Amino acid sequence: MSNAFTAYRDENGSPLVRQSIVGFLDILGFSQVSTSCRTLEDSQAVLDKIAAAIDESRKHVRDYFAESDHARQPWSLKFFSDNLVLGLPIDHGDANTDSAIEFVLRCTQRYQLSMALRGYFVRGALTQGPLCLTDEIIFGSALVESYQLESKASIVPRVVLTEPLQQLVSQASDRAGSAAALKSLICRDVDGWWFVNYLQVAATPRGVEWEVIRRHKESILDSLSRTTRHDVLPKYGWACRYHNVFCHWHRNAPGYADAYRIDRADEHSSIHCLGDSGAAAAV
């Protein structure tokens with residue numbers, strides 16, 4: 001589990017700033033949901049639903065990594081309101097950095113997908129830089145950068161990567177034996193931003209878990225049906241596009257059916273995995 005004490009404290013227990021991979025994530029439309037409740041009872045019902053989704057998603061991520069090799073190095077995870085901050089130090093060389101990058105990407109993937117399946121779409125940003133993340137304090141320029149990216153570049157329900165971090169992913173995938181697996185963790189969007197390919201969690205060694213994709217489709221459509229603001233609708237439109245692109249990538253996989261798609265003609269979108277030749281040409 002998260003070990004903030006050893007990750008961001010020195011031998012005397014004092015807070016310590018360390019070079020880290022940093023993530024800042026939040027829930028799309030959280031403020032709208034919070035202010036739309038007319039009664040105390042409505043507010044409590046919404047709070048109960050959101051709290052349950054966050055608790056279940058957090059447990060899902062922590063349980064998955066409890067026995068993981070990636071979790072053996074100290075890392076820190078902190079929730080406040082609808083926000084999640086994740087920090088993992090990378091000041092012990094290339095091997096440590098490669099492992100940290102994969103850990104953070106997979107952690108982000110699983111949290112994002114778990115929340116989406118529960119009706120809450122996540123946006124955010126990942127970067128690298130100085131960070132201190134303990135139970136008492138969050139400090140560092142990397143946190144500020146990831147927060148600014150989340151609010152200005154994410155916009156739609158995606159978790160974007162800074163260019164230096166994307167380069168670290170490319171370097172790590174070149175060094176790692178599982179280069180293809182690492183490269184499938186991020187995609188390049190039509191506007192040039194790289195983002196976490198969270199639906200890739202459903203593409204397991206045993207095949208695509210199409211039931212997960214079906215639930216993801218239903219969650220998007222349900223969110224669209226409940227959205228009354230024109231400035232929010234395009235954000236779920238992006239989720240539709242990403243969903244269909246994933247279906248297009250895996251259209252030849254066993255079990256695929258057109259019914260898993262959302263009825264939009266955007267499979268040939270300019271979203272590329274890191275390992276795609278088209279993505280390499282576009283960079």
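Bear in mind that the values in this text are calculations on the coordinates, not laboratory data. As the structure is a prediction and not an experimental result, all values here were calculated from the model. So basically every Cβ, Gly included, is an ideal-geometry build from the backbone, and we count neighbours across all protein chains shown.
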Worksheet item: Rg and Dmax of segment 110-226, using alpha carbons, in Å: what are they?
Response: 15.9, 45
Worksheet item: Hey, rough spin-label estimate for L16 and D222, points 7 angstrom out along Cα→Cβ, what's it come to in nanometres?
Response: 4.4
Worksheet, complete the sentence: Residues whose modelled amide H sits under 5 Å from the amide H of V159, counting only those 5 or more places away in sequence or on another chain, are G124, V196
Practice prompt. Please work out the Cα center distance from segment 200-248 to segment 82-156, rounded to the nearest Å.
Written response: 22
Worksheet entry | Förster radius 30 Å - calculated FRET efficiency between R214 and K49, Cβ distance, rounded to 0.05 | 0.90
Worksheet item: Mind listing the phi-derived Karplus ³J(HN,Hα) values for segment 229-246, rounded to whole Hz, using 6.51, -1.76 and 1.60 with θ = phi - 60°, and x for any glycine or proline?
Response: 9, 5, 6, 9, 3, x, 5, 6, x, 5, 4, 4, 5, 4, 4, 5, 4, 4
